[in-house]
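Below: one structure, written as structure tokens.
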């Protein structure tokens, strides 16, 4: 079996007619029914084989865009030393209320990381001492744990989740600003590649103590938990807090130009200033021999949150609609009349030929499933293209090809089929 393609009969998962009664979020309902995820308990999900393939596609896009702007991937531990967090005054539950903590049998307490500013700052003390060592942009895609009072919105707000968190280390404000802007542009490229860029806005948010503004990346969606104010004409979005507190003229809009919309936060970027470098003594020597604290930034994207947003935004009444860029497979090859050995052998040949042509294929080779069941499953699973192989298609010498996003139906010969997919590679 090719690692790029899969026979559906080999999946241990099955589709479901109904979602669990306790699951109200659209993204989780569809992903559970289609066999992408399994809900273990509130705030914790298993990503099943199909779901893991989607997450890996999402992570690949993230990695490519982070690497393109100078990011270097690593992985830090989830277990956290309390001493680091005490230095930044973020260990106390009075200051941070999302900690999971555990006592060690050998004595002492550890936390389970909900973010990694302290850990990366401490680590970089080993590698930064001069302005010549800067700037640097390490990142990871790693587990985070947050003791949310109420896990909700399916895979969008969970207690255990993966996050891409990148941290920038700069010698000057100019260095920092250049990377901050480059990362902002990279984020928009990522969301366009996910298929949700047309509904995603770089959104002005409060910068807290470090800068006048930070930025969130908000995707307009009725399922969203957040509220933003958007001027589609000017391409400007502002979160509620900024609308209440800021001079909107600085942002080039007036309140009357902004429309209130629900949204999902799919990413954020922050200027951190020198808070963590000063607390944890991360310093460098500049060109004049003067010692200074490193200027930092942090930049986050949640892969699973992005996956849920894609499902919420692009699905229809039949099921999920995956963009080619993140779909677990490009083609759903649906075999009918497979109890006929000659048809089955022929369908197997089509599967092999598509795979040999570099096309990722999920082959519904189930003999016992009826045509209606296969088509309903295909719509629910939501791969970009459905190709039907049957006794009729063999007799006619053509295949029915359905584009999931548009419903367009075409009849293609085998030669046209391979040529069509060669001309429309995965993005």
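Below, the figures for the structure above:
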{"quantity": "At 0.692 mPa s and 37 °C, Stokes diffusion of the range 164-294 via Kirkwood alpha-carbon radius, µm² per second", "calculated": "203 µm²/s"}
{"quantity": "Cα-Cα separations in the chain greater than 35 Å, expressed as whole percent", "calculated": "38 percent"}
{"quantity": "11 Å cut-off, amide nitrogen to a point 7 angstrom out along residue 260 Cα→Cβ, residues in the range 218-236", "calculated": "227-229"}
{"quantity": "Relative contact order (percent, whole number), the chain, Cα cutoff 8 Å, 6+ residue spacing", "calculated": "17 percent"}
{"quantity": "The chain, helix-only ellipticity at 222 nm - DSSP H runs n ≥ 4, -39,500 (n - 2.57), divided by all residues, nearest 500", "calculated": "-9000 deg cm²/dmol"}
{"quantity": "Label point at residue 10 placed 7 Å out along Cα→Cβ; residues across the range 19-56 whose backbone nitrogen lies under 18 Å", "calculated": "48-54"}
{"quantity": "Whole-angstrom gap from the range 262-299 to the range 393-420, using each part's C-alpha centre", "calculated": "54 Å"}
{"quantity": "Gained length - residue 233 relative to residue 100, 0.36 nm times residue gap less alpha-carbon distance", "calculated": "43.5 nm"}
{"quantity": "Nitroxide proxy distance, nm - points 7 Å out along Cα→Cβ at residue 292 and residue 212", "calculated": "2.1 nm"}
{"quantity": "Debye-sum result for the range 6-111 in log10 I(q)/I(0), which assumes one identical scatterer on each alpha carbon, at q = 0.19 Å⁻¹", "calculated": "-1.01"}
{"quantity": "Quarter of the Cα convex hull surface for the range 247-354, i.e. its orientation-mean projected area (nm²)", "calculated": "16.0 nm²"}
{"quantity": "Cα-based Kirkwood hydrodynamic radius, the range 329-423, one decimal, Å", "calculated": "13.1 Å"}
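A short reminder: the numbers here are calculations on the coordinates, not readings from a lab. Just so it is clear, the model here is predicted, and its values are computed rather than measured. Glycine gets a Cβ as well: all are built from the backbone with ideal geometry, and neighbour counts include every protein chain shown.
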